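Chemist: This is the structure I want to talk about, given as structure tokens.
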Amino acid sequence: MRRFFGVWGAFFQQQVKSLLEYKMDFAIGMVAIAFQQIGSFLILFAVFTRITAIGGFSFDEMLLFFGYSQLLRGIDHVYNDNIWTVGWWRIRDGSFNLFLIRPMGVLTHAVMERVQFDGLGEVLLGTLIFAYAFVRLGLGWGPVDWVLFALFLVFGLAIYFAIKLLCASVAFWTVTSGELMTVAYEINGFTKYPLDIYKNAVLRWALTYVLPFAVVAYFPMVHFLRGDGYAAQILGWGPGFDGLVLTFTGLIAGISLALAYGVWRLGLRRYNSTGT
């Protein structure tokens, strides 16, 4: 563990040095990402100038979903963005070989090689929107609630990681899988809003069990806003039980990680350099 953090610290220092060399590029990147997300927020704001609720959720509750989703996506963007390079070009141009000849785990190296500071714009925007909605809704969380919130964050990040890793691993068979990663990741946009508003049962099932982005953001916030009984009804599980959402989220995170890592290991064993 000490060695892991030592290596990660070395990579982090190099990223900071690079950042200090190109301050304007970093600032423009953060602003560009923030404006992209602000556009989605303005669409939500415009909708609520005409109506008072969507799927039974008020504007402030929708902001809570939106802010939490952006916070998670931003954190994932900061620490896990380098996985995209595996799907897009690492295998195609042969540079994946660099991960194989260095004295550390291939996946560990692929993740920690780059810290994407541009994602801090998403983190900041998501935190501000979430905090605003939290105050407006008067949510009085105690210590247990904050512990649950932290666990939901960890499970959500694990699911994000698993989905990206699974899609990137497809490149071991197809040479490139960037388009697949893009499609899968952009589906996450559906879960900036409550699952209740989607009447298509197939879409709701897919967002829960196939690409479980709804488990990342929707169910944790439903736990705090409506309770686990409401979540059980959405899942079609009857009355449910206390701790259902936490248990379900952790289970999905564990299964997703196991599946993604299994496919990654399988692809790694059959990997052949393209020779380019």
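The values are calculated or read from the model by the stated rules, or taken from the named source; none is laboratory data. On a predicted model such as this, the values are computed, not experimentally measured, just so you know. As a convention, Cβ positions derive from the backbone with ideal geometry for all residues, glycine included, and neighbour counts pool all protein chains shown.
Chemist: Of the residues Gly138, Gly142, Gly119, Gly126, only one is touching a Leu at 6+ places or on another chain (Cβ under 6 Å), over 14 Å from Gly250 (Cα atoms) and not hydrophobic (A, V, I, L, M, F, W, C); which?
Modeler: Numbers: Gly138 fails: touching a Leu at 6+ places or on another chain (Cβ under 6 Å); Gly142 fails: touching a Leu at 6+ places or on another chain (Cβ under 6 Å); Gly119 fails: touching a Leu at 6+ places or on another chain (Cβ under 6 Å).
Just one listed residue meets the conditions, Gly126.
Chemist: What number of residues within region 84-131 are buried (at least 17 other Cβ atoms within 10 Å of the Cβ), touching a His at 6+ places or on another chain (Cβ under 7 Å) and assigned to a loop (DSSP other than H, G, I, E, B)?
Modeler: 1
Chemist: Is at least one residue of region 218-225 hydroxyl-bearing (Ser, Thr, Tyr), at pLDDT below 95 and either closer than 30 Å to Asp93 by Cβ or not in a loop (DSSP other than H, G, I, E, B) (or both)?
Modeler: At the first step, the residues of region 218-225 found to be hydroxyl-bearing (Ser, Thr, Tyr) are 218.
Now restrict to residues that are at pLDDT below 95: 218.
Those still in the list that are either closer than 30 Å to Asp93 by Cβ or not in a loop (DSSP other than H, G, I, E, B) (or both) too: 218.
Yes, the conditions are met somewhere in region 218-225.
Chemist: So Ser273 ticks every box in (1) hydroxyl-bearing (Ser, Thr, Tyr); (2) modelled with pLDDT under 90; (3) within 27 Å of Ala150 (Cα to Cα) but one. Which box is left unticked?
Modeler: Of (1) hydroxyl-bearing (Ser, Thr, Tyr); (2) modelled with pLDDT under 90; (3) within 27 Å of Ala150 (Cα to Cα), only one is false for Ser273: (3).
Chemist: Quick one: in region 132-148, which of the residues that are of a type outside the set (A, V, I, L, M, F, W, C) and surrounded by 14 or more Cβ atoms within 10 Å (Cβ to Cβ) is nearest to the chain's Cα centre (by Cα)?
Modeler: Going through region 132-148, the residues of a type outside the set (A, V, I, L, M, F, W, C) turn out to be 132, 136, 138, 140, 142-143, 145.
The next check asks that each one be surrounded by 14 or more Cβ atoms within 10 Å (Cβ to Cβ); those that pass are 132, 136.
Details: Tyr132: 21, Arg136: 25 Å.
Among residues in region 132-148 that are of a type outside the set (A, V, I, L, M, F, W, C) and surrounded by 14 or more Cβ atoms within 10 Å (Cβ to Cβ), the one nearest to the chain's Cα centre (by Cα) is Tyr132.
Chemist: Among what's in region 246-265 and is in contact (Cβ under 8 Å) with a residue 40 or more places away in the chain and not small (Gly, Ala, Ser), pick the residue that is surrounded by the most Cβ atoms within 10 Å (Cβ to Cβ).
Modeler: Among those residues, the one meeting the criterion is Thr249.
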